[in-house]
Amino acid sequence: MKKAEIEIGGIYRVRWHDGSFTNIRIGGTKRYPVRSRGYRGGVIGTKTRYWGTNLKTGRIVEIKSAAKLRERVG
C-alpha cells in the first residue's frame, strides 16, 4: 500500500519478514529524522513509521514501511 492510503484506526494485513501474515490495528504514526552520511551529518528529511497492535498476540508492533501493509481488512 501507499502512505496516503493508510488510515489511523484501520485494520490491515501485514506480511512479516518470515513470510507469514497477520492482522494489525494501526494506532498512530511516528516520524523520525533522516541524517546525511557526510562529515557534517545534518538532518536532510524525515520518514514515517507506523505503530499498532497485533490482533493475534496483543503486542504493540512497529511497521517500518507502508509497503508491509498488504490490504485493508476492516
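So how strong a dipole does the stretch 3-72 carry about its Cα centre when Lys and Arg Cβ are +1 and Asp and Glu Cβ are -1, to the nearest 20 debye? Let's see the in-between values first.
Details: 17 positive and 5 negative charges, 57 e Å.
Computed charge dipole of the stretch 3-72: roughly 280 debye.
Go ahead and run the numbers for FRET between R35 and S65, Cβ-Cβ distance against an R0 of 25 Å, rounding to 0.05.
Details: r = 19 Å, r/R0 = 0.74.
Given R0 = 25 Å and the Cβ-Cβ separation, E is 0.85.
Can you pull out the chymotrypsin sites (Phe, Trp or Tyr not before Pro) in the stretch 1-37 that DSSP calls coil and that have at most 16 other Cβ atoms within 10 Å?
Values: sites: Y12, W16, F21; in loops: W16.
Loop-located and lightly packed - W16.
So how far apart, in nm, are the two label points at R15 and M1 if each is 7 Å from Cα heading toward Cβ?
Result for the modelled spin labels: 1.5 nm.
So which GluC sites (Glu not before Pro) in the stretch 1-64 are both in a DSSP loop and have at most 15 other Cβ atoms within 10 Å of their Cβ?
On the way: sites: E5, E7, E62; in loops: E7.
The qualifying sites are E7.
Hey, of (1) 24, 17, 13; (2) 30, 22, 11; (3) 27, 12, 11, which did the structure itself give for semi-axes √(5λ) of the Cα gyration tensor in Å when calculated?
(3)
No value in this document is a laboratory result; all are computed from the given coordinates. Please read these numbers as outputs of a predicted model, since none were measured by experiment. As a convention, Cβ positions derive from the backbone with ideal geometry for all residues, glycine included, and neighbour counts pool all protein chains shown.
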